[in-house]
Amino acid sequence: MVAFYQSWLVVLGLLAVVDSSLIDISLDGQLCGDYNTAIRKEWGELKRAERIDYTDAVLCMQRQPQHLPREEYPGVRNRFDDFVATHINYTLSVHYSGLFLPWHRHFLWLWETALRDECGYSGYLPYWDWPLWSENLKASPLFDCSDSSLSGDGEPNPGEQSIHGGTVTLPPGTGGGCVRCGPFKDMEIHLGPFDRNIVSFNEIPAPGFDYNPRCFNRSLNNFVSMNYDNETIVDRLLAATDIADFQTVMDHWPARPDGVLGAHGGGHFSLGATLQDLFSSPQDPAFMLHHAMIDRLWSIWQGQEESHRYALNGTSTILNPPNGTIVTLDTVMEFGVLGRPRSVGETMDPGRDGYCYSYT
Ligand SMILES: [Cu+2]
């Protein structure tokens with residue numbers, strides 16, 4: 001029945017009866033149209049049972065065997081860790097660079113696909129709509145530590161320090177210790193931690209892929225979320241005049257010497273040590289939902305006008321050093337054991353080239 005329906009659509013497509021904006025024939029030969037577009041929803045929009053389906057699928061990934069070899073990747077203990085290690089592997093080219101948005105878009109898609117194919121998940125990737133909860137993270141359905149949350153705050157840690165960067169000081173959050181409630185209670189993480197100061201742009205620093213089991217840490221920080229992920233900043237992001245402006249609001253906002261976090265960094269620093277780690281941050285299950293929000297805002301911005309859709313800016317090296325290679329639509333990105341290489345051009349539209357999703 002499905003096959004019949006698809007071939008029927010192909011015929012209609014050939015006859016040009018169908019508006020091409022409604023249906024796209026991807027490189028994989030699959031059709032993407034209104035009838036089959038996956039809808040990624042805000043966490044609070046999901047029914048309680050749907051949220052639990054998602055966290056169950058994440059826990060399932062932590063029980064599946066890894067694909068990366070143990071000798072080279074001693075810290076990788078399961079399939080979830082394959083995603084963490086792959087992120088570590090490419091960190092120095094896919095952050096604060098021209099590859100940030102395209103690479104993470106595909107990384108999320110591979111994650112969503114693995115949850116469905118390998119763990120029987122029937123939903124799609126949810127997103128964390130920052131401004132909805134920025135004033136009280138603990139009260140949000142994401143972080144209230146209920147059975148249908150992504151767990152919540154860590155245990156109080158009076159020793160937690162403020163973070164200083166440039167002229168900015170971020171006060172400590174309310175936790176800082178291990179997470180002891182919700183679906184990810186007592187979860188063990190295996191990779192990292194990495195130093196916040198990047199010493200070299202060329203090699204992955206210590207501890208690399210070493211096995212370093214420890215508890216999953218959170219520290220909810222309303223100061224950070226209120227200052228960096230509020231409604232005004234999201235509106236400013238969507239009003240970006242070009243892709244360079246969009247990147248600035250995303251990664252360096254406010255645009256002054258102390259604007260070190262941006263909306264992207266703000267989310268990472270809102271939840272404490274595990275999510276703050278530039279290399280191993282996907283160990284916090286909120287990582288994928290935070291990046292889904294970034295991908296959502298990018299896709300909304302891309303859809304605003306034609307000049308936005310294929311706009312790129314930057315190099316394939318972290319912080320875009322002058323000798324970096326300029327990113328184009330033909331730049332090929334690697335995903336290791338997670339999936340085949342993919343060109344930047346193949347990631348520019350969530351409704352093409354094998355993708356078929358949108359956001360609420
Ligand atoms: Cu990342």
*of a type in the set (A, V, I, L, M), surrounded by fewer than 17 Cβ atoms within 10 Å (Cβ to Cβ) and more than 22 Å from LEU278 (Cα to Cα), is that true of ALA114?*
no
*Matching residues in the range 258-281 - criterion: being closer than 17 Å to LEU108 by Cβ and either open to solvent by 10 Å² or more (accessible area, probe 1.4 Å) or more than 12 Å from the ligand (Cβ to nearest atom) (or both)*: ALA263, HIS268
*Flag if ARG77 is modelled with pLDDT of 95 or more, in a loop (DSSP other than H, G, I, E, B) and away from the ligand (no atom under 16 Å from the Cβ)*: yes
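Looking only at the range 328-360, count how many residues are part of a strand (DSSP E or B) and open to solvent by 30 Å² or more (accessible area, probe 1.4 Å).
The qualifying residues number 3.
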_Based on this model, can you work out whether GLU305 counts as modelled with pLDDT of 95 or more, more than 24 Å from VAL76 (Cβ to Cβ) and either open to solvent by 50 Å² or more (accessible area, probe 1.4 Å) or out of contact with any Pro (no Cβ under 6 Å at 6 or more places or on another chain) (or both)?_
yes
*Would you check which residues across the range 177-223 are in a loop (DSSP other than H, G, I, E, B), surrounded by 21 or more Cβ atoms within 10 Å (Cβ to Cβ) and β-branched (Val, Ile, Thr) and list them?*
VAL179
*Select from the range 289-302 the residues that are open to solvent by 10 Å² or more (accessible area, probe 1.4 Å) and farther than 18 Å from VAL344 by Cβ and write down the one among them that is farthest from the ligand (Cβ to nearest atom).*
ILE300
*Identify the residue in the range 86-99 that is in a helix (DSSP H, G or I) and open to solvent by 10 Å² or more (accessible area, probe 1.4 Å) and, among all such residues, is nearest to the ligand (Cβ to nearest atom).*
TYR90
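The values are calculated or read from the model by the stated rules, or taken from the named source; none is laboratory data. Note that this is a predicted model, so its numbers are computed, not measured. Cβ coordinates were reconstructed from backbone atoms using ideal geometry, including for glycine residues, and neighbour counts include every protein chain displayed. Side chains are part of the model used for accessible areas, which takes the heavy atoms of the whole protein and leaves out ligands, DNA and RNA. Shrake-Rupley method; radii C 1.70, N 1.55, O 1.52, S 1.80 Å.
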